[in-house]
Structures are given as structure tokens and as C-alpha cells.
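Each remark here refers to the structure printed beneath this line.
The values are calculated or read from the model by the stated rules, or taken from the named source; none is laboratory data. All of these numbers come straight from a predicted model, not from anything done at the bench. Note that we place each Cβ from the backbone using ideal geometry, even for glycine, and neighbour counts take in every protein chain shown. In case anyone asks, the SASA skips ligands and DNA or RNA and just uses the protein heavy atoms, side chains included. Shrake-Rupley method; radii C 1.70, N 1.55, O 1.52, S 1.80 Å.
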Amino acid sequence: MLITNNSFLCGYFSIPRSLQPLQQGWQKNVCTAEERANLNNYYFPEFAQYITAEITMYTLPLNRTCTLDLGEEQVSFLIENIRLWEAPFHIVLYAVNIRFEGVEFNLVARALNILRNCAYYTSAQREFIDIALAPVAAVYGAETSLDMSWLVESGNKFKLFQIVRLPEGIEKGDERLLLYDAGTLAPHTPLSTGINSPAYIDHVLAEHTISVFAGWTGLALLDTFTLLSADTPERVLQNWEKDYFEKIYIYQLFRKVFLYSVNLHYRRRSEDVAVLESRLSEFEQRYSYTSISYNFLPNIINSAMEKSLNTQQDYDQLDKMIGKEIEVRRHRAEERTNNFLTFLTCLTIFSAIYDFASLLNESFGYETFFPSGYFGFRLVGTTLLLIILLVYLFLVRRK
């Protein structure tokens, strides 16, 4: 089965500096007044603000053909461009856009499996590294090698967003299995000969399929997001790329990377937990949206991506852990304060007893009533202390 596959291999890393200046060839995407107005008509103001002012996109056009050796076979594909986003909190995201035209479904799956596993490249992937990853490595400030996993901060594989166009005439049953195979990058085989059980496939498709309009379906998984279609108009395909990928998927990926970064600092104790709490609070206030659009479909897509990437679950767990530690710290600080206040209170009481006992000695003279002044002073002081303790215990019992 010959297909067209427009894929985006997505990576991300943190960088403690501005990206400027980028090497020659990178083009900054500037949002015009008309585009800004259209965004404000389509998206909620806070999300439109994030798109136009909080994150900056750059594009490096390439249009280079690359050939990948698969052993007994080879597959050629076009590396169209690299897209890069400078996001808040010194996070950089990027996507290598590659396109397969009229290539066998299983060959595409094999090629994407190899290209995604950036920690296990061999010399057979050197051409791809030199064309597609060397410019990103230059932004990062490092040299390329056969282990490029450092370009994916939390893992050893690229995330994958892909738009798959099937030949016309595919039956619904076949299309359903093709969606699963495309999303998991598995070879397309008859259901009876696949490695996964039909029950598991049904479970995955039931939990993660997006099906709104006839003509296309989507599958949102942790490592891949797949849109599958046979006869979708070109304008809709452009909409998927410009809106669902560049805006919504990258937004959710930014959230995922940020939460991973905070969690890493928390686990390693490399930053004070109060600083992390403040950063997490700022992130929640500025970059967490329950809905992003006036239209229903972008909200459905956004929710599916959030669910597949576990971003809200990651946030809830991190917020709970950091909040619990902050509470423990506050409790310990209160205990230290209370202990200090108790110490000061005791000093005050002893000082008051000493002053009062001294006043009595000066007024009456303990030698008149007791064998010695020292004995009288101790007896009066002890008596006053016992009276204070009895009054305190009486008040405590009444409460």
C-alpha cells in the first residue's frame, strides 16, 4: 500500500541563554496584524497571546532528499525544513519535517522507527544527522555524533506528529487497523498475525481515537500523534499542520517539557523548593488553559493531546509533592518559632520572678523571717514559680 506521510520528529532541550543570534538561514516567523486578528477571532485571548507574544518560531528551509538504508531495502524521503520554537523558561522545541511520497506503508513505519531512536543511530543514519540534526546541534552548542539523545531532554526518542494520507478505497475495518499500526509504527499485517491481541488494539483505539468528521481519524498516544485520511482537501491538511501541530501540539509539548524540568530539579534538589513552587505557580497562571478556542474541534484536539502526554496528571502530581514539602517546611518553621517564643517566655517569667523576689527582699528582708536571705530568696522564687504553673495548668484544663 503506497501512502503519503508528512511527519514531524520533535525534540526539546533547555538552554540557559537566548537563541540569538542563530546561524545564517534561519527565518523568524513574524505574525502580521491580519494573522493576529484571525487568531483572536479563532482562539481565546490568553492562548492567542501565548502564540503571538510568548513563544517565537523560526524556520530553516532545507528541501534536501535523504536516503535511508534499511538493510535489504532503501527508502528516500524529503527533509523539507526544521522548525524551532523559543519558549518561556529557556525551553527550546524543534521539529524536523520529513515527507514520504508514494512509499509503502511498512517501509515508512520502519524508517520512522529508526529515525525516532536518536540514541541508537549507526553510520547508516549519518546523512540524516548531517542534514537534519546538525543545525539543531549548532543551536544547542554541540557537535553531532551517532548518539543524539542529548537533543531530547527527557528520553531517547523523538516525539512524532504525522499526517498520513491513504489511497482511496480503504475499507473502514482496514482503516481502523491502519490507524493503530500508523500510531504505533508497526508493520501493517492481518489482525490474526499481529503481535498485539485484538483486545489490546480495541482498548487503545477506544481510549485514544479522535473521530469527529467523516474522512479522517486521529490517534493520540504518548509518543505519537497520528492523523489518518484518504480524501481530505489540501486546505484541511494545511490547517492540521499550521494549527493542530504548530500551535496546539507544540503548546502541549512545551507544557510536558516544563513539568519534566521542574520535576528533575525537585528530585535532584538542584533548586530550592520555594523557587520551584513559585515557578510552577507562574506557569499555571500564564500557560494552563482549560479551553483554547471558540470552536469545539481545537478544544477536542487539545484535550486529546493533553491526555496522551499526561500533562495535567504530571502537573497535579508535581503540585501535590511540592505543596506537601512546602507545608512540611512551614510546619517546621512554625515549630522553631514556637520553641523560640517559649524560650523567650520562660526567660521573661524567670526574670519577673527574680525581680519580684528581689523587691520583696528589699521591702521586708528575708533574714527577718528565714534562717538566711539566700534560703528565703529561693523559697519565695520557688513558691511563685509553682503558683504560675498551677494557674497555667488550671487554664489549660479549662480549655
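Structure summary
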| read-out | value |
| --- | --- |
| Placed amide H near Phe225: partners under 5 Å, 5+ positions off or other chain | Leu160, Phe161, Gln162 |
| Cα centroid separation, the range 83-159 to the range 295-356 (Å) | 41 |
| Helix-derived mean residue ellipticity, 222 nm - over the chain, DSSP H n ≥ 4, -39500 (n - 2.57), to 500 | -16000 deg cm²/dmol |
| Student exercise, the range 68-192 dipole from Lys, Arg, Asp, Glu Cβ charges, in Debye to nearest 20 | 360 |
| Rounded to the nearest 20 debye, dipole of the chain from Cβ charges on Lys, Arg, Asp, Glu | 1320 |
| GNM flexibility winner over the chain from Phe213, Phe13, Phe258 (Cα, springs under 10 Å) | Phe213 |
| Contact order normalised by residue count of the range 198-279, Cα under 8 Å, 6+ apart, percent | 13 |
| Normalised per residue, the volume of the convex hull around the Cα set of the chain (Å³) | 258 |
| Estimated vicinal HN-Hα couplings, Hz - the range 30-38 in sequence order (Karplus 6.51, -1.76, 1.60; Gly, Pro = x) | 9, 7, 6, 4, 5, 5, 5, 5, 5 |
| Interchain or long-range residues, amide H under 5 Å from Phe44's placed H | Ser293, Tyr294 |
| Cα lying deepest toward the dipole's positive end in the range 265-369, options Tyr315, Ser281, Ala352, charges on Cβ | Tyr315 |
| Length gained when the stretch Arg286-Glu54 is fully extended (0.36 nm per residue, less Cα-Cα span) | 82.5 nm |
| Per-bin percent of Cα-Cα distances, the range 299-386 [5 Å] | 3, 12, 11, 10, 7, 6, 6, 5, 6, 5, 5, 4, 4, 4, 4, 3, 3, 2, 1 |
| Cα-Cα over 27 Å, subset of Lys28/Lys320; Lys247/Lys307; Lys242/Lys320 | Lys28/Lys320; Lys242/Lys320 |
| Two-site label geometry, Asn196 and Ala134: point separation in nm, points 7 Å out along Cα→Cβ | 3.7 |
| Segment Leu341-Gln312, length gained on full extension (0.36 nm per residue, minus Cα span) | 6.2 nm |
| Table column - 3J(HN,Hα) (Hz), the range 3-19, Karplus curve with 6.51, -1.76, 1.60, x for Gly and Pro | 10, 10, 10, 10, 10, 10, 8, 10, x, 6, 7, 9, 9, x, 7, 6, 6 |
| Amide H contacts under 5 Å for Asn156, placed H, 5+ residues apart | none |
| Whole-Hz couplings from phi, Karplus 6.51/-1.76/1.60, listed for the range 76-87; x for Gly and Pro | 10, 8, 9, 8, 6, 6, 10, 10, 9, 10, 9, 9 |
| Given charges at Cβ of Lys, Arg, Asp, Glu: the chain dipole, positive-most of Ile326, Leu227, Pro21 | Ile326 |
| Formal net charge of residues neighbouring Ile301 (Cβ-Cβ distance under 14 Å; K, R +1; D, E -1) | -1 |
| Average accessible surface area per residue within the chain, 1.4 Å rolling probe, Å² | 53 |
| DSSP-defined beta bridges in the chain - what % are antiparallel, rounded to 5 | 90 |
